[in-house]
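Remarks on the structure that follows.
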Amino acid sequence: MSIVSIKRRQLAYKLGSKADTRQFVPFSKTTNGDHGRKVFIDAALAPLFASLIDPNSAKGVQTIMKIEQLRAIAGGVTSNSNVNTPFEYMENFVDLALYYQIHNGVAEAGNSAVPGVYITDITFAGKETNSPAGLYVRKPDGRSWKTRVVENGIAETEVGFIRSGKNVDDVADQSSDIAGVDGFGNQNSFNLFFIPEMVRNEMGIWMTPCRRAFRPLEAAQRLANTLINTQRYRSQNNSATPIKWTLAGDGVKLLQLALENVPGILDKHQFKLHDPVADIVQVINTLEMKGAKFDSTPVAYSGTNKRALASAALSLNNGNLSQYHKSLQKDIKAEAGNISVAPVAGPSKNGKVTTDFLSYVKNMSSSLTW
């Protein structure tokens, strides 16, 4: 947590107290409480607001009207909620990101804050989007490249990615750098199974609407359907070339969950796992049993992702790769060699945890919880 976000959190709990020296004034005449909640703003933000928005321009008027809607929509489905301070929110209005908190009444003696919405900070809006988890395709559209949802759940390109991020277009841009080119030197089109992340900025960690709506088991079923539909499509079209999937981080964890819902073979899929945060032994062995293909380097570690290395150490501590991947097991063990992980102390036969709670939780494989 940054110093800025720590100070903001401290201020959030001081709102309306004698220790709070900020002056909050009504945002506009229409937010005085006659219709909906009262909306206040820190008066010290006036110079910053004026430098970012021209209130007389068309865009300025549009922004102001949207901010005034906080009297009805504050804290609603379009807002990003702070992970550490549950009554604090971030919301984008045109080009501005507003940070505000909702005060529902006097929490303690000496608190003078009246119920309402309190705007505490302003920045330029980030690029987080409301793109849900699912399959997308990145392909040329005229002179530009577009990322679109794939409605039928079939990955028709030769290259695919399963990755997480706060913005589907940013993840697609990053993926395009490693998607490669075709035989004519043109950028490859590719499929992307996108997983929404929380937004992290200097103001804190924020749960976006799509991340709030994200359900790992539902997304895993969606990914399983993509694998099944793509397998069927490529088999029916006698495609000899498997789609080459590259997965990173939590994408491997989602694949682990998805494989539980894939009953058939996956020989029309090829996988490369980068910094997998999952039970790597289970994932590799399951893919092997389903006939999936592997990249010449099936698993790659950057060495900087401690979660991935810890997951690898724990996974190898609890099982072994099949006999066809002994050299890979040796390589993974070498990568995770500096990570020490104690055996998992799971529940006893009568269903009770036999260690203290914290030790049990710390030793659980990170692949078991999202």
Going from the fewest other Cβ atoms within 10 Å to the most, one would list Tyr118, Tyr99, Tyr324, Tyr233 as Tyr324, Tyr233, Tyr99, Tyr118
Under a 5 Å amide H to amide H cut-off, with H placed in plane at 1.01 Å, what residues pair with Thr157 once short-range neighbours are removed? Asn191
Holding the Cα-Cα limit at 31 Å, pick out from Lys66/Lys253; Lys139/Lys330; Lys306/Lys326; Lys166/Lys306; Lys253/Lys330 the pairs that are longer than that. Lys66/Lys253; Lys139/Lys330
Residues with amide H under 5 Å of Asp121's amide H, sequence separation 5 or more or different chain, H placed in the peptide plane at 1.01 Å from N; which? Tyr99
Trypsin sites (Lys or Arg not before Pro) within region 214-266, DSSP loop, no more than 14 other Cβ atoms inside 10 Å: none
Rank these for me by crowding, Ser235, Ser57, going from fewest to most other beta carbons within 10 Å. Ser57, Ser235
Compute the FRET efficiency between Lys14 and Ser51 as 1/(1 + (r/R0)^6), taking r as their Cβ-Cβ distance and R0 = 22 Å, and round to the nearest 0.05. 0.25
Quick one: if you stick a label point 7 Å off each Cα along the C-beta vector at Gln323 and Asn84, how many nm between them? 5.3 nm
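Laboratory data are not the source of any read-out in this text; all were calculated from the coordinates shown. Treat the numbers as computed from the prediction; the structure is a model and nothing was measured. Virtual Cβ from ideal backbone geometry, glycine too; neighbours counted across all protein chains shown.
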